[in-house]
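Below: one structure, written as structure tokens.
The values are calculated or read from the model by the stated rules, or taken from the named source; none is laboratory data. Everything numeric in this text was worked out from a predicted model, so none of it was measured. Here Cβ is always computed from backbone atoms with ideal geometry, including for glycine, and neighbour counts include all displayed protein chains.
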Amino acid sequence: MSGTFLFLLTVLLLIAAFMRGDFALTLIYLVVGALTAGLWWSKRALAQVRTKRRFNTHAFLGERIKIDLQVQNEGWLPLPWLELREALPVALVGPDSFQSVIHLGPRGEANFEYTVEARKRGYYPIGPLSVSTGDILGLRESQQAVMPVEHLVVYPKILTFTSVKIPSHSPQGTLRHSLPLFEDPTRTFGKRGYVSGDSLRRVDWKASASVGQLQVKIFEPSISLETFIILNLNAEDYYYRSRIDAEELAIVIAASIANWVADSKQMVGLMVNGRDPLAEAGEPQTIPPRKGKRHLMRLLETLARVESHDHSALTPLIEQQRYKLGWGTSLIVITGRADDALLNELYQARRGGQHAILILAGRDGSDELSRQRAQTYGIPVLSIASERDLKIWMQRSGGA
Amino acid sequence: MNQRSASQVLGSEKQFRAISYTLVFLMMVCGLLTVSILLHNLLPGWQSNIAAGILLFILIDRLYTYRHLKSLTPFRSEWAMALGAQWIVIILFSRLLLSYANGPAAVLADLSLFAHGYFADLFTTEFVITLLLAGALWYLTGQYLDLLDEIGLDMKQAIDEDPPRTSGEAIPAHQRMGNLIFTTGVILVLLAALTRIDVQAMQAGSVGLPVIVWTRFSGGEAGVLLYFIFGLALLSLSRLMSLQTYWNRQRIPVSSHNLPRQWAWYSLLFLLVLGVFVGLLPAGDSLGFFSVLGTLLGFLFRVLIFLSYVIVGLLLTLFSLPFLLLGKAPPFVSGAAPGPMPGLPMQPLEPMTGNATWELIKSVLLWGALLVVIVYALIHFLRQHESVAAVLRQWRLVQWLTLAWQWLYTHADKARGDLARLVADGWQGIISRLEGNYILPRPGWINLRALQPRQRVYFFYLAMVRRSGEQGLMREPSQTPSEYAVRLGQALPIVSEDIDSITAAFVQARYSRQAVNSKEADFVKSTWERIRGALRNKRTREKDTDQ
């Protein structure tokens, strides 16, 4: 169109030169004015558009997340049309994504609301929002701008345990234990008459005065369960046919155990050798054992983001890490396959006073072999091929 | 697409069609006005008013019957019959009206010629020209309607979920519409220019440049001006239609239900502003630009005429030689000898108006318009010919010019930004002073001892924000103090408690009415000093890491 425009202008200039009248000049003004104003409008209009997204950046599986999108025209120049296209992950919305056309007057504002469904754990980009506009004459191609991306974290699936048998040798905790070795002087269980050999520290003087005989306190044995979950996401350590499902199952196991430990007001930590899109070098940071809900959310966030990775052996990482962990810490290693190096490392940890448990996630033909080897090293092994197995384990543990 | 939205689209399509047909009608009428005035000017003896009436009738007929003709398959018997019948009626009607314009006797004479089979005598020059114009009008109107229909049909295709008919490389219908409007406009401009030529004076035998009649707007020129205004309105409408077609095809819902109405208002406003702008700008002759250009073109034109005279004279002399040798007078003696060679114009023509300042403004505007056109044309050309642009980029002069432009652009942009910031700061200052809600005195005049405890808390907190910002821990405008404290705490875990403490003190001082005493302010000061130490350590560590 601009070629014809230029031709018209040239003709008008020539005629103006010959005629020297109002007519050609007026037409030149009209044509140049329309062209300039049209181009200026389309360029200027986009510069004054501001967008804002509001949504909960974290969600649990199955939740529906409401996203509020605010589009604002900050200038006095109206926008005759504004095309909005939000790029959304297929895992959240399916084939349909948010798109709309609006008109915004001077200083106008439009608000939209759409929902996405957290169908799968992950770290999802919400956006970018592509905004297009132009002039009313269509003298110029539509101008396009891309607004920034924000992210949504969908936590992994969590199965609720009522009780899990995770052995620990850390005394003075909050979990009841059967071994009298771990008696906790802060947890008075009852009283009995004094017998020779009882420590005087155990005498309950008030009760003795009341009864008229020496009474001693009986303490409940308790342990502190400091758990460190080691999640192996090295792709080579999973059976290739069921790798994706097995890795997801491993993440569910890790999240469920972490949730249970944190619910029990115990310390839990995490080490994972996958890839974290937010981490600087791509590898997620090791999270040392801590208590509390906030800490649990941090663990779950890492588990939400983490992805499988090639060539990231687990054994050297355990070797580095186990020296930093306290005596009596329970190491729960979740992996698809266990080789001799890993079992040896866990054996060393056991010798160092830590308690290691091996959980084999997914189906692999070498499960039985791994189990036999682990028994040789004295390491308890648990095979969980599916979520059903995990639920059965939960029930057995609860019943036990 | 659901039934409701489909019916909405179809409803709006009907409205679009009605408005666009009206606009096409008005544009064509403007064109007819120009053509009839030109005919009247060139051939005063002809019945130009009758011809214009005939053309108007054909225009209405074309608009009315277009949909029906379009529905018929081309070159089939039905189509040929409909078209043939229509044109027979047009031809007979035109002939009858042209004859009737000369009186009832002329009609009877023409009927007599028809009865006796002298058909050739019926086709007078006037009649043939009228028919040619009718054909051109028929074709041109059809072109407009075809394009509008293409846009409308696209909309239907989108509703019917058919694939788009046009290929991706084809020029979009809207763009073709623009080209058609401007191309027709160019022809009309040329025709309107011809209406200014005084044909009678030319016939009287003047040599050189045609005699131009100096008047303000003539009817033909007003017609062209109106044509362009209606053309821009049609362009705007077709833009909306093409966008709606695209949105329908892409299944993008239109959330603003009043978009077409708003579009119409904006189009009207745009044209109104443009009209006011055009009306306010000075028109007429300009001493600077047009006088120079007109003088130059006039000189070139005279040189061409002089050269043609010389060539024709030489040729005639050559052909006369055999007759002269035989002693006879040559049959084509040219009485007119070539005139004198035109001299270079020493000074341009005088401007038509006298006010020097006014003339200067007009001149500046015109030269500016010319400059815009030239620069735009150059940019357009270079964008289309990347190879030329690549060669040009290698020239040292162009490189220097590019560098100079970049320098100028950067500095101008910076200066603009600085100026805008200054204005904004100044405005904010005025507003703050008027409202009396500034939290700290003007920077540079701060005396800590003179400050109240509350203001000292502000000062230390803002110092923390500023210092942290300098180290890349900037506070986002959307962040609350608590959010910022979390971020800062993550970056400086050693003093995270201090950060929480200073933030809490600031929030309390800023947003509560609770009194702040000097002790609390001193405590905040000591907290700030610890944070400052941590910031210094961080910077030192980062420097060491870099080294």
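Across the range B:97-113, what is the number of residues that are of a type in the set (A, V, I, L, M, F, W, C) and either touching a helix residue (DSSP H, G or I) at 6+ places or on another chain (Cβ under 7 Å) or in a loop (DSSP other than H, G, I, E, B) (or both)? Walk me through it before giving the result.
Here is the first cut: in the range B:97-113, the residues of a type in the set (A, V, I, L, M, F, W, C) are B:97-98, B:101, B:105-109, B:111, B:113.
The next check asks that each one be either touching a helix residue (DSSP H, G or I) at 6+ places or on another chain (Cβ under 7 Å) or in a loop (DSSP other than H, G, I, E, B) (or both); those that pass are B:97-98, B:101, B:106-107, B:113.
Number of matching residues: 6.
A quick yes/no check of all residues on (1) at pLDDT 85 or above; (2) within 30 Å of B:Leu243 (Cβ to Cβ); (3) hydroxyl-bearing (Ser, Thr, Tyr); (4) assigned to a helix (DSSP H, G or I):
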site: B:Lys14; (1), (2), (3), (4): no, yes, no, yes
site: B:Phe25; (1), (2), (3), (4): yes, yes, no, yes
site: B:Trp46; (1), (2), (3), (4): no, no, no, no
site: B:Trp79; (1), (2), (3), (4): yes, no, no, yes
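Looking only at the range B:71-93, decide whether some residue is among the aromatic types (Phe, Trp, Tyr) and touching a helix residue (DSSP H, G or I) at 6+ places or on another chain (Cβ under 6 Å).
Applying the first criterion (among the aromatic types (Phe, Trp, Tyr)) to the range B:71-93 yields B:75, B:79, B:87, B:93.
Cutting the leftovers down to touching a helix residue (DSSP H, G or I) at 6+ places or on another chain (Cβ under 6 Å) gives us none.
Scanning the range B:71-93 turns up no residue that is among the aromatic types (Phe, Trp, Tyr) and touching a helix residue (DSSP H, G or I) at 6+ places or on another chain (Cβ under 6 Å).
A:Leu299 - would you say it is of a type outside the set (Lys, Arg), over 16 Å from A:Ile357 (Cβ atoms) and in contact with a Lys or Arg (Cβ under 7 Å, 6 or more places away or on another chain)? No.
Does the range B:499-509 include one or more residues that are in contact (Cβ under 8 Å) with a residue 60 or more places away in the chain and either part of a helix (DSSP H, G or I) or under 59 Å from the mean Cα position of the chain (by Cα) (or both)? The answer is no, given that none of the residues of the range B:499-509 is in contact (Cβ under 8 Å) with a residue 60 or more places away in the chain and either part of a helix (DSSP H, G or I) or under 59 Å from the mean Cα position of the chain (by Cα) (or both). Of all residues in the range B:242-261, exactly one satisfies the criterion of being in contact (Cβ under 8 Å) with a residue 60 or more places away in the chain and within 18 Å of the chain's Cα centre (by Cα), namely B:Ser242. When A:Glu247 is tested against the conditions (1) out of contact with any Pro (no Cβ under 9 Å at 6 or more places or on another chain); (2) over 18 Å from A:Ile318 (Cβ atoms); (3) outside any helix (DSSP H, G or I), the lone failure is (3). I'd like to know if the range B:204-216 contains one or more residues that are at the interface with chain A (Cβ under 9 Å from one of its Cβ atoms), more than 26 Å from A:Ala110 (Cβ to Cβ) and either at pLDDT 80 or above or buried (at least 21 other Cβ atoms within 10 Å of the Cβ) (or both). There is no residue in the range B:204-216 that is at the interface with chain A (Cβ under 9 Å from one of its Cβ atoms), more than 26 Å from A:Ala110 (Cβ to Cβ) and either at pLDDT 80 or above or buried (at least 21 other Cβ atoms within 10 Å of the Cβ) (or both).
Residue-by-condition table, conditions (1) within 19 Å of A:Thr227 (Cβ to Cβ); (2) modelled with pLDDT under 85; (3) part of a helix (DSSP H, G or I); (4) in contact with a strand residue (DSSP E or B) (Cβ under 9 Å, 6 or more places away or on another chain):
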site	(1), (2), (3), (4)
A:Gln321	yes, yes, yes, yes
A:Ile334	yes, no, no, yes
A:Ala341	no, no, yes, no
A:Leu346	yes, no, yes, yes
A:Ile357	yes, no, no, yes
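Note on the range B:221-248: residues that are under 17 Å from A:Glu141 (Cα atoms) and more than 8 Å from every other protein chain (Cβ to nearest Cβ) amount to 5.
A search for C-beta distances below 6 Å between a residue of the range B:475-487 that is in a helix (DSSP H, G or I) and any residue that is of a type in the set (Asp, Glu) and surrounded by 12 or more Cβ atoms within 10 Å (Cβ to Cβ), counting only pairs 6+ apart in sequence or on different chains, returns B:Ala485/B:Asp500. Restrict the check to the range A:279-291 and report whether at least one residue is modelled with pLDDT under 80 and crowded, with 19+ Cβ neighbours inside 10 Å. Among the residues of the range A:279-291, at least one is modelled with pLDDT under 80 and crowded, with 19+ Cβ neighbours inside 10 Å, which makes the answer yes. Kindly indicate which of B:Gln244, B:Gln262, B:Gln250 is surrounded by 21 or more Cβ atoms within 10 Å (Cβ to Cβ) and at pLDDT 80 or above. So the residue among B:Gln244, B:Gln262, B:Gln250 that is surrounded by 21 or more Cβ atoms within 10 Å (Cβ to Cβ) and at pLDDT 80 or above is B:Gln244.
Identify, from the list A:Glu83, A:Glu63, A:Glu109, A:Glu74, the residue that is buried (at least 21 other Cβ atoms within 10 Å of the Cβ) and acidic (Asp, Glu). Full working, then the answer.
Numbers: A:Glu63 fails: buried (at least 21 other Cβ atoms within 10 Å of the Cβ); A:Glu109 fails: buried (at least 21 other Cβ atoms within 10 Å of the Cβ); A:Glu74 fails: buried (at least 21 other Cβ atoms within 10 Å of the Cβ).
None of the others qualify; the one that does is A:Glu83.
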